[in-house]
1. Does Gly88 fit the bill of being in the same structural domain as Trp218 (by TED's automatic domain parsing) and under 18 Å from Ser209 (Cα atoms)?
2. Here are some residues: Phe69, Phe18. Which one is under 27 Å from Pro302 (Cα atoms) and modelled with pLDDT of 90 or more?
3. Can you tell me which residue in region 40-85 is nearest to Asn140 (Cα to Cα), limited to those that are acidic (Asp, Glu) and outside any loop (DSSP other than H, G, I, E, B)?
4. Which residues, taken from region 146-170, are among the hydrophobic types (A, V, I, L, M, F, W, C) and out of contact with any Phe, Trp or Tyr (no Cβ under 7 Å at 6 or more places or on another chain)?
5. Quick check on region 276-292: of everything there that is assigned to a helix (DSSP H, G or I) and aliphatic (A, V, I, L, M), which residue is surrounded by the most Cβ atoms within 10 Å (Cβ to Cβ)?
6. With Val213, Val239, Val255 as the choices, which residue is among the hydrophobic types (A, V, I, L, M, F, W, C), out of contact with any strand residue (DSSP E or B) (no Cβ under 8 Å at 6 or more places or on another chain) and outside the structural domain of Leu173 (by TED's automatic domain parsing)?
7. With the condition kept exactly as written, say whether any residue in region 203-218 is in contact with a Leu (Cβ under 6 Å, 6 or more places away or on another chain) and not basic (Lys, Arg).
8. Which of (1) in the same structural domain as Asn111 (by TED's automatic domain parsing); (2) more than 23 Å from the chain's Cα centre (by Cα) does Gly165 not meet, given it meets every other one?
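The values are calculated or read from the model by the stated rules, or taken from the named source; none is laboratory data. Given the structure is predicted, the values throughout are model-derived calculations rather than measurements. Neighbour counts run over all protein chains shown; Cβ positions are idealised from the backbone, glycine included.
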Amino acid sequence: MMRWFPACLWLAVGSPLFAQMVVTNVSVADAFVRSLDPTHNYGGAGALAVSGSIATNALGQQEGLLDSFMRFDASGVASNFNTGFGRGQWTIVRATLNLFEQGAPNNAIFNRGVGPFEVRWIADDSWAEGTGNPNAPTTNGIVWNDRSSILNSNLDEPLGTFVNGGTDGVVRLMLAMPTGFVSDLSTGDLVSFYLTAMTNSSVGFTFHSHNFVDSNQWPYVEIAAAPIPRITSLSIAGVDARITFSTGTNLTYVVEYINNLSGGTWNALTNITGNGNTMTAIDPDATAMPRRFYRVHLIVSP
């Protein structure tokens, strides 16, 4: 189901901001958990990992399943977008998770391989990172056996299935935009992700954590917002109506019309891909109607 964000029905006043705005957040907590050591924590490690059941390490050994948990603090997101666009005059349109892959990790605990894995938004932010690492695991943070108490299939939302690169470099994951996840970002809450391998996946994806020595390679999320569209002018050209409205670059807008606000159904006039400036939709022969009203929707797919 698509999410819709309507413009004002007629004319908006003031000068709208058209450009999208991006806020970047680095992770504030992260840890990987391991099926072969289900009671120990690895939250202090400089790396995170997702590993499937058929991936092996550099020695050809299968080191079990590895999943990762990540948490971000989105408390500054709303305030930044309120400052840029006006309070409540924006919507989040894109979120990208950026990870720095290490294609050939030198610790035998990490499997290697290219394959599919899933990213989920999880509603529970209460898990503890802990301080364990591959050489000195601890029990003071999240462990493999905690997953059943943290994951909740009734609340958690899938954000996409992805494939790692298998070599050193940045892996950019364009996340889906389901309602719970977007609400979490928009209200400035803590935001947690869970990364896990698909069934029988060959993935052995190792990437740097926020404990890695180089902070430039910590995981981070780019959150992009755009202003809610506003109709800036409504004019007549001959027998046609011209509806001009604000847009963001590469965002999709639907222009709709209705003849009677007290009843009836809104009808789609046209879809327009924004270019960051005002754009105009034309309603042919609109003057043949005694009256007509218009609105514009910004579409953000989940």
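1. Answer is no for this residue.
2. Values: Phe18 fails: modelled with pLDDT of 90 or more.
On inspection, the qualifying residue turns out to be Phe69.
3. Taking region 40-85 and keeping what is acidic (Asp, Glu), we get 63, 67, 73.
Next cut, outside any loop (DSSP other than H, G, I, E, B) only: 67, 73.
Details: Asp67: 18, Asp73: 21 Å.
Out of the qualifying residues, it is Asp67.
4. Of region 146-170, the ones among the hydrophobic types (A, V, I, L, M, F, W, C) are 150-151, 155, 159, 162-163, 170.
Correct list: Leu155, Val163.
5. Here is the first cut: in region 276-292, the ones assigned to a helix (DSSP H, G or I) are 286-288.
Right, trim to aliphatic (A, V, I, L, M) and you get 286, 288.
Values: Ala286: 20, Ala288: 8.
The residue in question is Ala286.
6. Details: Val213 fails: outside the structural domain of Leu173 (by TED's automatic domain parsing); Val255 fails: out of contact with any strand residue (DSSP E or B) (no Cβ under 8 Å at 6 or more places or on another chain).
Only one candidate qualifies: Val239.
7. Of the residues in region 203-218, the ones in contact with a Leu (Cβ under 6 Å, 6 or more places away or on another chain) are 207, 209.
Remaining after also requiring not basic (Lys, Arg): 207, 209.
Checking region 203-218: at least one residue is in contact with a Leu (Cβ under 6 Å, 6 or more places away or on another chain) and not basic (Lys, Arg).
8. Answer for Gly165: the failing condition is (2).
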